[in-house]
Amino acid sequence: MTILLVDSDKRALDREAQRLSRRQSGIVVVLHSSAADAEKFAMHHDVDIVYVREKLDEMSGQELVRRILRFRPTAECHVLCLLYTSPSPRDCS
């Protein structure tokens with residue numbers, strides 16, 4: 001199984017890589033901080049699950065998912081957003 005993580009925040013990717021590396025073997029975790037690089041990777045490699053941050057530098061997470069699903073229609077895709085509960089809640093928009 002291959003999991004593709006995409007986030008323009010490299011520190012967040014590093015934290016997630018450390019967390020996932022403690023999981024069971026047989027799972028390959030691929031990290032990309034660039035939407036374009038992630039799209040190219042998915043074009044040329046089998047990807048089972050995609051987790052992508054909604055706000056990326058190059059395009060939205062939704063747009064990247066649309067692009068990946070064109071050539072990996074069976075990939076399970078999840079767009080993640082950060083929610084804040086501080087005085088002014090924000091969503092992914």
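The values are calculated or read from the model by the stated rules, or taken from the named source; none is laboratory data. Remember, predicted model here, so these are calculated numbers, not experimental data. We place every Cβ from the backbone using ideal geometry, glycine too, and count neighbours over all the protein chains shown. We work out accessible area using only protein heavy atoms, side chains counted, and drop any ligands, DNA or RNA first. Shrake-Rupley method; radii C 1.70, N 1.55, O 1.52, S 1.80 Å.
Quick look at the numbers
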quantity	calculated
The range 4-84: equivalent-ellipsoid semi-axes (sqrt of 5 x gyration tensor eigenvalues, Cα, Å)	18, 17, 11
Percent accessible area from carbon and sulfur atoms, the range 1-81, protein chains only, probe 1.4 Å	47
Relative packing of peptides 11-18, 38-45 - highest average C-beta neighbours within 10 Å first	38-45, 11-18
Simple spin-label estimate for R66 and S8 in nanometres, 7 Å along Cα-Cβ	1.8
